[in-house]
Every structure is written in structure tokens, then in C-alpha cells.
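The values are calculated or read from the model by the stated rules, or taken from the named source; none is laboratory data. Bear in mind the structure is a predicted one, so any value in this text is a computation, not a measurement. Please note: Cβ atoms are built from the backbone with ideal geometry, for glycine as well, and neighbour counts cover all protein chains shown.
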Amino acid sequence: MKKAFCLLLVILVFANSGAQVNIAIEGRVVNENNSPLAGATVAVNNGKHFTVTDSEGYFRIPDDRSDSLKITVSFVGYEKYARLTETPEKGSLILISLTPEMQLLDEVSVVSDLAARIKRQETVSTEIADRNHISMHRGGSLMSSVNGIPGVSAIEIGSGHSKPLIRGLGFNRVVVVENGIRHEGQQWGADHGLEIDQYAVDRVEIVKGPASVMYGSDAIGGVMRIYQDAVPAANTLSGNIELSGRSNNNLIGGSAFLSGRRNQLFFTSRFTLLDYADYKIPADSVEIYSFHVPLNDGRLRNTAGNETGIHASAGIIKPGLVARLSASHINSASGFFANAHGLEPRMVDTELYDYSDRDIMFPSQEVSHLKLTGQVRYEKGIYRFESEAGFQNNFRQEKNNYVNHGYMPAVFPGDNGSLQHLEREFNKNIFSLNIRNFFEAGRRHSLSLGINSEYQDNQTGGYAFIIPDFRLLSTGIYLYDRISLGSRTNLHAGIRYDRGRVQTEESADWFPTPVEDPDGGGIEDVFLTRAQAIDRTFNSLSMSVGLNYTGELFSLRANIGKGFRMPTPKELAANGVNYHYFRYEKGNNALQAEESWQADLNFEYNRPQFGVELSPFFNYFPGYIYLDPSYRMDYMYGAGNQVFEYTQNQVMRFGGEARVRFDPARNVSAVLTGDYVYSEQLSGNKKGFTIPFSPPASLRFSMLFSPKGRGTLQEPFAGFDIEYAGKQTRIVPPEKETAAYELVHLVAGTKVAGNNRQFEISLRVHNLLNRRYLNHVSYYRLINAPEAGRNFIFSLKVPLTGNNK
Amino acid sequence: MIMKKTIIFTAILAMALYVSCDKEERDTELPEIFMGGEEHFPHNCDTIYLGESFTFRALFTDNFELGSYSIDIHHNFDHHSHSTDVAECPMDAGKAADDPFLFIRQFEIPAGLREYNASQVIEVPEGVDTGDYHLMVRLTDRTGWQAIRGISIKIIDAESQPD
């Protein structure tokens, strides 16, 4: 395994050096292996002075001639350092060693910063978005805040929900891991968004390629690892309040955070509240299929919503042992665009709907997600043990006025008001357990042996059937070896065996259908079977082999891996109308596990002020599971809608990302990124066509000016992003070609030091030119609804306390 | 290293060539529904009668091959659904459904056709609710593209009409 790190406590060392005599105080920030940390933020005496360490980890601050200094150092991926010290004598150097923060998932190796550390761990292309990136790009939901990373896009469902799309693969082809536990919701559904509070996210790591060896089924397109609020620094009590506002959907919201630690015991807590109105698009009307829907003031009718998040964690941290218990509850309610839901495009009572842009009327969804996680990490010598156990409950309801189709009664029977509006309900319990052992074998091998197990039980309700109740049990065991071939080169090899069982229950209609007796017995009323019981077991062997070379300037990674995914209960047993897209979807019990072979390369050339990165990939699916639109319609239960049936075809994909960064002037940095994916079905009815949700080629140019702070203004920045998405002509029914578009975004912000506190203010203008455009991978693309127009996003972060306790 | 670069370069070039020579032409066009002609029935705002049959007539076309079509007649007493035709029809007062007429059928189109004159006799039974209805036509082609067209119609009782 990666070289195990030994220290878990902050160490302060004073070291002599023959440095030049100066009126300033000088110091150096290093990691646990004494490698310099470049770019760490150093603050003195509660924000009186700020600086950032240079490429060798050195910093200088003015000497106030006071007796003591309070120094805080923060660097992503490391525990925040905060310590009161005596002012050192002139000429001496303060050496500050940071401790990696608790990351139960990743394994720490000896490199100078987190990004490089992660890149050394992975032989597949990996991207990182930290808290700074997220707050600078703050969108309506986590994925829209992570947007802008090449190869990663967001399927946005209105303005408050989104889910990840990695190189064009999403839904059940991407695993989201939070606090070490797989986040399980109803991710098979197009209207499902990640139930994750973006304010509680410290960092997101996105693996752009198959990672089934470590994560098992579904990690076929990639993995998104989410790290929550980190362990606080020793002997601190601190908190902050973040406030956000967005002009487009009149969002107001914020998050309050409080954490503390006394020696070995710590806690964190957070409360988040968001409320937003219908979002605005630069259009007076939209055309849904051929239905003309006028809008009031450009507002997409009934897309308002709200969200609350409550988080708490407590734990113990001491040499060799970290244990943490976390609990979170995310609750959200939001409306669906009222004219585009149900059996057909609808003209709604506009007066009623447009009376308020903040109310949530039908159709709507309410989601609550409870998560309890326990994490343990123990290490001794060359051995390390990590484990996570979790329980999740995902409860989701879709509500709408009752609309009959097929032989459903014209009027909902009985007088139970709540059932009559309950279109669908899903109630899922998830139990997870992960165990990992790491040990060094000889001088060359770092081995890890792990087991992951997960049990899901999903109960469904509501008057409209789409999937049956199901249970799912999966277990996988893997062995991973990192073989050191000299100091710069590692060979990675992993193998995993998975076994999963999917059981669905038989489901029958709640209403009778008249059926002609084949034996001539006349017409009988029958409660038709909607889904047969299914009991399927899937086995899979996954593997990966990779090479990682890290040189002074040049680094190279190469990987070949096989990923797999068990068919979802929806793919096996769906049988109902998808109200979002006016279609009838049918499962296929003959589907086999989906497998994928992928080859990845990644080159990087990095110098100060200049860097290039290139990440091509090639991918082949022998049996990609695809929802194929047939030419048939269903006139029984499907209300005449077109039948879409799950099939399995050969699919080939290739593409990649490129990134160039350079500093055109002092304090100015520029980044140009681009991505491209080509997909083609090689067999089946849609041979020659692409697969759904193929993102267009895109380019993004960002420039950021970050001058030196002056007076109370620290670390000010201002910049712009120009985003260009190409025309997408590679489509598959029922998609439509999407025109190219370009967007301009502005961003500016600063930290304001004063009164023992440091405030952070930022303003972002999204879609400055109020461009009307369609996003090819957006949930509302199929109904031709343009994306949100110009949006001013304001955020303010106020520390509650900056003092040690 | 040079060897590796050559391989990669060749691979990228091969892929670029693969993409640029789009071998067979894909069908990317939706089928079309024509219901506005003199010979077509019903038109938006037309009336059909209780206990009588009428003949649905429309023209379907596609660039490659037609698939199938469905006709769906359902009540619009709640005035919530609307037609694709720009002109709005005068509506009766809204009411609750009692025994509304419901007709949903799929019809095959013979294989290999690019143009098809649909003609389908539909019977409106006695005793169903009169009032505002909605007639929707969905047409697919063999590739799976779908076109939708909906119009508003009225079902009235010819015998109770004062004439």
C-alpha cells in the first residue's frame, strides 16, 4: 500500500537555520514527511497578516514585536494548524508540520500536496474540487458547483437538484461515496438528484474511469468521492455562517457550522437551509414537443423548492486511531415544471400556478435522506485497518393530481386525499459495511485486502407503477497491490470478485382490467400482473493493471481496467409510464451484468507558470444496457405512449480531456480546458447511433487575477470564465440536436480581515450575457426548456469565532 | 517513450479518421402527421356524436420507414390538457367525469412505407359523457422517432340537439 504515514498529531518544531537576518519572521510549512507544502495559507494573530507559502514551503510575515504569535496554517487535505507560540528570535525559522486530515478512504503517500498525492494513488485520471472551488462556483446543488471540470458534467434537474455525468456516463454507472459509504438513493431515475448538502462538502475527488476493483458494481464510469467537514484542529472551538443569495431563482440560504476539539475528542455540527423560487429562463414560452407553453416573466412554472440539511459528528483522534460517528439528514421538496409532467404536455391553471413563484404545487417531489456512518482507522507499524459501517434511509415521494390511464378508474376510488395525490413512493433502507486491511510486504509491495458488502430493501407505493419492490445483496472481495519499481515508478494491479443477488417481488395492478377469456368465457375483470417475481444472481471478476510514473516535470499514468454493473431492478422489471418524458418503459429480465473494458492514459508536464495535461481514453462495452425506443406503442396501461424497452448492445466510446495552464502576467493565471467524448452503438436496433446523454465537445477558458492583499482586504481575486459547448449532432431517439453556445461568467471576491475575524465575500455572475441556450445533458432538454438566464450569486462567510479555547 | 508516443498518435489519428468517415447514413428525422387537409378528419374543434361512428383520416410520412400510430381520445372536462393547434376551441363549463369515453388503440402501418393514408373507423358508444375531449395521435417510425399531435374535439348527443 501507499507508504503509511505515522503521525496523527500536530508537531511543532523549532529548527535553526543559517538564514539571512531580517526584520520579518520566517517559517516553513512541511508535511509529515518534511516535504514542503506550497500554497498553504498562513495567518497570524487572527488575520492581522496573511501570506501563502512559496514553492519551497517558505513564508514571511512582518514582526510585530509582540511576545507571542498566534499562527494558523491551512492547506487542503491537512488538518488546520492553530497554535500560540512565543515570537522566535531573529534569524530563526518556524517549522510547521501539517498532519493529513482523516481520510478513511484514501491512502497517503509521500508527495508534497494533496492533488499530487491523489494523482500518485490513482492510475486513472482523477480530478479534485476543494471547498474553495465549490464556494467560488457555488451553484444550486453540488454537481453544478463542481461544474467546469473537464470530463465532468452535471445532469441538472431544475435549479436545485443535479447528478454527476462522468465522460458521458451517469445514473447507475457512477458511484458516489460519502464518508467512505456508497451513497444510495434512487439514482436510476432521471428526476433524482444527489441528496448531498454542498455546504458540508470539504472536497470532491472524481475518478474518471472504471474503479470496480475498489468499489464494486456500478463504478463503471467513475467514482465521485465526497469528504465532509474535516476533523477540527486540536484545542479549538470554531464556527462560521455562510450566507448565499441567487438572483435568478431568488434563492436565499445559508449554512451554520460549529466544530470543536479538546485533545483527542472532537465534534462537528452543521445546519443548512435553502429556499428558492421558480427559475427564470430568457424566453417567453417553450415548445414541449409541439405544444406551445407561454411562461410568466420567463419563470419555469413550479420549479421552486427548498432544502434543509442537519449534520452532526463526534469522534476520537489519537496516535494510531481515528474513530468517528456521523449522522446527517437531508430533506428537500421541489416542484416539477408543471406543463411537462403526466401523460401529455399540459396546459395548467396558469393563474393559480403563477400566483406565487415560491410555492410548490403539483407535480412535485419530496425527498428525505438519513445517513448514519461509523468510521474507524487503526494503524500500527506496517499494518493499517480501516472500516466503515453505514445505514441509510432514502424516502422519496412524487406527487401529482391523479390522472387515469389504461383501465385505471376515471375517478380515484375512496376519499383518502393523500393517496390520491401520491403518484409514486420509494422507501429504501441501505446497510453497508466496508473493511480494508493494508500492509507492506517486503520493500516493494504495498498490499490491501478488502471486503465491501451492501444490502438494500426498496419498497414502492403510489398509484402509478414503474418498478417493483426489491431487495439487493452484494458482496465483493478484492486484493490490490502496489509494486514499487524504483522511486518514481509504481505498478498497480488489482483483482476483485463480486457476487450480487437481486430479488424483485411480483406486483399486480390495484385496479381491474377487462380481459377476454381465451377459452371463450367472455370478458373477465382481472388484476393484471405488472411485474413477475425475479431472483437473479450475478457474479463478476473485475481487474485493473496500471502504471504510474512521476518525474520532476513529466508524469505518466496508464491503466487498463474492467468494470462491471449489475442490472438495476428498473432495467430488469420496469413496466410503466415515465411521466417526465411521456413514454412507456419496459424492463428486460434477460439482461446480463454490464461489463466494460477501458484503457486510460494521462500525461502531465508541469513547470512553474506552465503546465499541460492530456487524458485520452478508450472504452468498450460488450453489453451496454440501453433503453431502446421501439416503434410500437402501448394502448393498455401505457396510455398510447411509445414503448421503450431495455436491451443490451455493444458500445464503443473514446475521447479525453486536455488542460493547459499558464501565468500570462504577475498575479494572473489562465487555464484552458477541453473535453470530447465519442460514443457509438456497434450492434442492435440503434447500430451507428450514439448513447443517450452524450455531452458535446466543450472548451473553457478561465482567467483569474489575484493581486496581493492590501490593508484589510486579503487575497482578493477577480476573473472570468468563457465556456463554449459545441453543437451536438450525435443523438439517438428521442433526443434532439442541440446547438452550440458560449457563456461568459464573472467572479470576484476577497477576504476582509478585521476585529479578530476574517470575512469572505464573493460575487459571481453566471451567464452574464443572459444567453438563451439548451444544455444537451439537462433533464429538461427533451422538453426544449432552455437553461437559467443571467444569475447574480452572492455569498458571505462570517466566522463565529477565531479564538483558541 | 518515442515508441509509445507513436502508438498513441496513431491511435488518435485512427479514431479521428473513424469519426470523420461516417459510414452509413443514420435516420435523424421525425415522422410527420398531417391532419389539416380537406380529406382529413377530425380537425381541431370538430364535433363527433354519441352512438355514431366516425372515420379518422390523416396522412403520415417519414423519410425512411413508418412504424406505427396510436389514437387516444380522453376527456378534457378539467380543461387541463390543451391542443397543439394555436386556435383555442370554445369549451363547455368544467365538470367531473362520470363515465367518460376512453379510446386508446395502436394501429400497425404495413412495413416498408414512407407515406400512409390512415383511415380508421371509431365508434363512439351510447351513454358516455358528452363534452370536451382531446384526441391525440402519436406516430413513430421504425427507428423509434415519435411525433405527437393533439386536437380538441367535442362529443355531443345529436338527439338532444335542438335543430
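Details
- The set of residues in the stretch A:619-672 being aliphatic (A, V, I, L, M) and more than 14 Å from chain B (Cβ to nearest Cβ) consists of A:I625, A:V651, A:V660, A:A665, A:V668, A:A670, A:V671, A:L672.
- Of all residues in the stretch B:58-77, those that are more than 8 Å from chain A (Cβ to nearest Cβ) and among the small types (G, A, S) have Cβ atoms under 9 Å from Cβ atoms of residues that are surrounded by fewer than 23 Cβ atoms within 10 Å (Cβ to Cβ) and outside any strand (DSSP E or B), 6 or more apart or on another chain, in B:A58/B:M35; B:A58/B:G37; B:A58/B:H40.
- Unique match (being modelled with pLDDT of 65 or more and not in a strand (DSSP E or B)) among A:S109, A:S66: A:S66
- Against the numbered list (1) of a type outside the set (F, W, Y); (2) within 11 Å of another protein chain (Cβ to nearest Cβ); (3) surrounded by 12 or more Cβ atoms within 10 Å (Cβ to Cβ), B:A118 comes up short only at (2).
- Tally, over the stretch A:547-565, of residues that are buried (at least 22 other Cβ atoms within 10 Å of the Cβ) and touching a helix residue (DSSP H, G or I) at 6+ places or on another chain (Cβ under 9 Å): 6
- Qualifying residue in the stretch A:397-411 (condition: of a type in the set (D, E, K, R), under 26 Å from A:F267 (Cβ atoms) and assigned to a strand (DSSP E or B)): no
- From the list A:E122, A:E101, the lone residue that is closer than 23 Å to A:Y676 by Cα, touching a Gly at 6+ places or on another chain (Cβ under 9 Å) and at pLDDT below 80 is A:E122.
- Boolean, A:I281 is in the same structural domain as A:I181 (by TED's automatic domain parsing), closer than 19 Å to A:E156 by Cα and of a type in the set (A, V, I, L, M, F, W, C): yes
- Selection of the stretch B:127-156 for residues being outside any strand (DSSP E or B) and under 19 Å from A:H405 (Cβ atoms) yields B:V128, B:D129.
- Yes/no for A:Y497 being closer than 23 Å to A:Y624 by Cα and of a type in the set (F, W, Y): yes
- Taking the stretch B:35-57 as the range and being within 14 Å of chain A (Cβ to nearest Cβ) and either at pLDDT below 95 or in contact with a Gly (Cβ under 8 Å, 6 or more places away or on another chain) (or both) as the test, the residues that pass are B:M35, B:G36, B:N44.
- Among the candidates A:K751, A:K736, the residue that is in contact with a strand residue (DSSP E or B) (Cβ under 7 Å, 6 or more places away or on another chain) and more than 19 Å from A:L699 (Cα to Cα) is uniquely A:K751.
A quick yes/no check of all residues on (1) buried (at least 20 other Cβ atoms within 10 Å of the Cβ); (2) touching a strand residue (DSSP E or B) at 6+ places or on another chain (Cβ under 7 Å); (3) within 14 Å of chain B (Cβ to nearest Cβ):
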site: A:I288; (1), (2), (3): yes, no, yes
site: A:P294; (1), (2), (3): no, yes, yes
site: A:A312; (1), (2), (3): no, yes, no
site: A:G315; (1), (2), (3): yes, yes, no
site: A:P319; (1), (2), (3): no, no, no
site: A:L325; (1), (2), (3): no, yes, no
site: A:F337; (1), (2), (3): yes, no, no
site: A:H341; (1), (2), (3): yes, no, yes
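- Highlighted here are the strands (runs of 3 or more DSSP E) found entirely within the stretch A:235-332 that include at least 1 residues which are under 30 Å from A:Y581 (Cα atoms) and polar (S, T, N, Q): A:285-288, A:305-318.
- When A:R346, A:R301 are screened for being basic (K, R), within 17 Å of A:N400 (Cβ to Cβ) and at pLDDT below 90, only A:R346 passes.
- Boolean, A:F644 is crowded, with 20+ Cβ neighbours inside 10 Å and in contact with a Pro (Cβ under 6 Å, 6 or more places away or on another chain): yes
- The stretch A:409-444: number of residues that are buried (at least 19 other Cβ atoms within 10 Å of the Cβ) and within 14 Å of chain B (Cβ to nearest Cβ): 0
- Among the residues listed as A:Q228, A:Q198, the single one being of a type in the set (S, T, N, Q), surrounded by 24 or more Cβ atoms within 10 Å (Cβ to Cβ) and under 13 Å from the mean Cα position of the chain (by Cα): A:Q198
- Taking the criterion of being among the polar types (S, T, N, Q), out of contact with any Phe, Trp or Tyr (no Cβ under 6 Å at 6 or more places or on another chain) and more than 14 Å from chain B (Cβ to nearest Cβ), the residues of the stretch A:695-740 that qualify are A:S698, A:S702, A:T712.
- Within the stretch A:559-609, being of a type in the set (V, I, T) and part of a loop (DSSP other than H, G, I, E, B) holds for one residue alone: A:T568.
- Residue in the stretch B:93-104 that is in a strand (DSSP E or B) and either closer than 28 Å to A:P413 by Cβ or within 13 Å of another protein chain (Cβ to nearest Cβ) (or both) present: yes
- Cross-chain or 6+ apart pairs with Cβ under 7 Å, the stretch B:140-152 first and more than 7 Å from chain A (Cβ to nearest Cβ), then assigned to a strand (DSSP E or B): B:A147/B:E32; B:A147/B:I33; B:A147/B:L139; B:I151/B:L135; B:S152/B:D132; B:S152/B:H134
- Helices (runs of 4 or more DSSP H) completely within the stretch A:129-234 that count 2 or more residues being among the small types (G, A, S): A:142-146
- Selection status of A:G576, at pLDDT below 95, under 18 Å from A:G168 (Cβ atoms), surrounded by 20 or more Cβ atoms within 10 Å (Cβ to Cβ) and away from every other protein chain (no Cβ under 14 Å): no
- B:V128, sole failed condition from (1) within 14 Å of chain A (Cβ to nearest Cβ); (2) without any contact (Cβ under 8 Å) to a residue 40 or more places away in the chain: (2)
- Taking (1) free of Cβ contacts under 8 Å to residues at least 40 places away in the same chain; (2) buried (at least 24 other Cβ atoms within 10 Å of the Cβ) in turn, A:F171 satisfies each apart from (2).
- Test: residue in the stretch B:79-89 that is at pLDDT below 85, crowded, with 20+ Cβ neighbours inside 10 Å and not in a loop (DSSP other than H, G, I, E, B): yes
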